[in-house]
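Remarks on the structure that follows.
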Amino acid sequence: KSLILTANTGYKRNYSQGPYGSYDQENRTYFPLSHEDDTFHKKEWVYGMELNGEYKAYPVKILKKNKSGMVKDSLGGKSLTVTWDRNGENFRAFTNNGEEIISLKMFWFAWVAFHPETFIMTD
């Protein structure tokens with residue numbers, strides 16, 4: 001037996017549209033930030049990861065420009081192989097011994113607020 005979600009909730013809401021309108025396009029947040037950095041638009045999507053106390057952000061717009069879908073990198077004293085698809089999605093990172101490093105996809109403002117000392121992938 002399984003439960004199935006439905007849009008017939010009894011509420012008048014269009015579930016085919018996001019509830020926040022153009023929020024992801026605006027350069028404002030609904031709340032104050034402890035740390036701000038204008039390197040990118042606040043709502044730029046990034047993949048962020050931590051390794052041995054070091055942090056790095058991989059902006060999706062830079063990933064999309066790099067058509068190879070792979071880069072050799074380093075973080076926290078370890079060599080990495082980082083891969084993604086041509087849309088800048090399906091992001092994965094592995095150490096040389098095959099250990100996968102967990103990454104989080106979030107807006108730039110959120111990543112840098114929590115990790116102000118982050119490194120950034122460049123072209």
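The values are calculated or read from the model by the stated rules, or taken from the named source; none is laboratory data. Here the structure is a predicted model, which is why all the values come from computation and not from measurement. Cβ coordinates were reconstructed from backbone atoms using ideal geometry, including for glycine residues, and neighbour counts include every protein chain displayed. Side chains are part of the model used for accessible areas, which takes the heavy atoms of the whole protein and leaves out ligands, DNA and RNA. Shrake-Rupley method; radii C 1.70, N 1.55, O 1.52, S 1.80 Å.
Are any residues in the stretch 51-78 at positive phi and open to solvent by 50 Å² or more (accessible area, probe 1.4 Å), and if so, which ones?
Just the residues of the stretch 51-78 that are at positive phi, to begin with: 52-53, 69, 76-77.
Matches in the stretch 51-78: Asn52, Gly53, Gly77.
Taking the stretch 55-76 only, how many residues are modelled with pLDDT of 95 or more and part of a loop (DSSP other than H, G, I, E, B)?
Looking only at that region, the number is 1.
Mind checking which residues of the stretch 1-21 are open to solvent by less than 70 Å² (accessible area, probe 1.4 Å) and under 24 Å from Phe91 (Cβ atoms)?
At the first step, the residues of the stretch 1-21 found to be open to solvent by less than 70 Å² (accessible area, probe 1.4 Å) are 7, 9, 18, 21.
Gly18 - this is the single residue of the stretch 1-21 that is open to solvent by less than 70 Å² (accessible area, probe 1.4 Å) and under 24 Å from Phe91 (Cβ atoms).
Would you confirm, using the coordinates I've provided, whether Ser16 is without any contact (Cβ under 8 Å) to a residue 40 or more places away in the chain, not in a strand (DSSP E or B) and not β-branched (Val, Ile, Thr)? If you could, list the steps in order and put the result at the bottom.
Numbers: without any contact (Cβ under 8 Å) to a residue 40 or more places away in the chain: yes; not in a strand (DSSP E or B): yes; not β-branched (Val, Ile, Thr): yes.
Yes.
Identify, by number, the condition in (1) open to solvent by less than 60 Å² (accessible area, probe 1.4 Å); (2) over 18 Å from the mean Cα position of the chain (by Cα); (3) small (Gly, Ala, Ser) that Gly48 doesn't meet.
(2)
Inside the stretch 86-123, can you point out the residues that are surrounded by fewer than 12 Cβ atoms within 10 Å (Cβ to Cβ) and either in contact (Cβ under 8 Å) with a residue 12 or more places away in the chain or part of a loop (DSSP other than H, G, I, E, B) (or both)? Give the derivation first.
As a first pass, look at the stretch 86-123 and keep what is surrounded by fewer than 12 Cβ atoms within 10 Å (Cβ to Cβ): 87, 90, 96-100, 102, 117, 122-123.
Passing the criteria: Asn87, Asn90, Asn96, Asn97, Gly98, Glu99, Ile102, Glu117, Thr122, Asp123.
Based on this model, can you work out whether Thr81 counts as open to solvent by less than 80 Å² (accessible area, probe 1.4 Å), in a strand (DSSP E or B) and at negative phi?
The answer is yes for Thr81.
Within the stretch 26-36, is even one residue assigned to a strand (DSSP E or B), in contact with a helix residue (DSSP H, G or I) (Cβ under 7 Å, 6 or more places away or on another chain), touching a residue at least 40 places away in the same chain (Cβ under 8 Å) and aliphatic (A, V, I, L, M)?
Our first condition is that a residue be assigned to a strand (DSSP E or B); within the stretch 26-36, this holds for none.
No, because not a single residue in the stretch 26-36 is assigned to a strand (DSSP E or B), in contact with a helix residue (DSSP H, G or I) (Cβ under 7 Å, 6 or more places away or on another chain), touching a residue at least 40 places away in the same chain (Cβ under 8 Å) and aliphatic (A, V, I, L, M).
Only one residue in Val82, Val46, Val112, Val71 is closer than 30 Å to Leu5 by Cβ, of a type in the set (Val, Ile, Thr) and out of contact with any Leu (no Cβ under 7 Å at 6 or more places or on another chain). Which one?
Going through Val82, Val46, Val112, Val71 in turn, just one is closer than 30 Å to Leu5 by Cβ, of a type in the set (Val, Ile, Thr) and out of contact with any Leu (no Cβ under 7 Å at 6 or more places or on another chain): Val46.
Quick test for you: out of Asp24, Asp37, pick the one residue that is open to solvent by less than 90 Å² (accessible area, probe 1.4 Å) and under 17 Å from Phe119 (Cα atoms).
Working: Asp24 fails: under 17 Å from Phe119 (Cα atoms).
None of the other options fit; the residue is Asp37.
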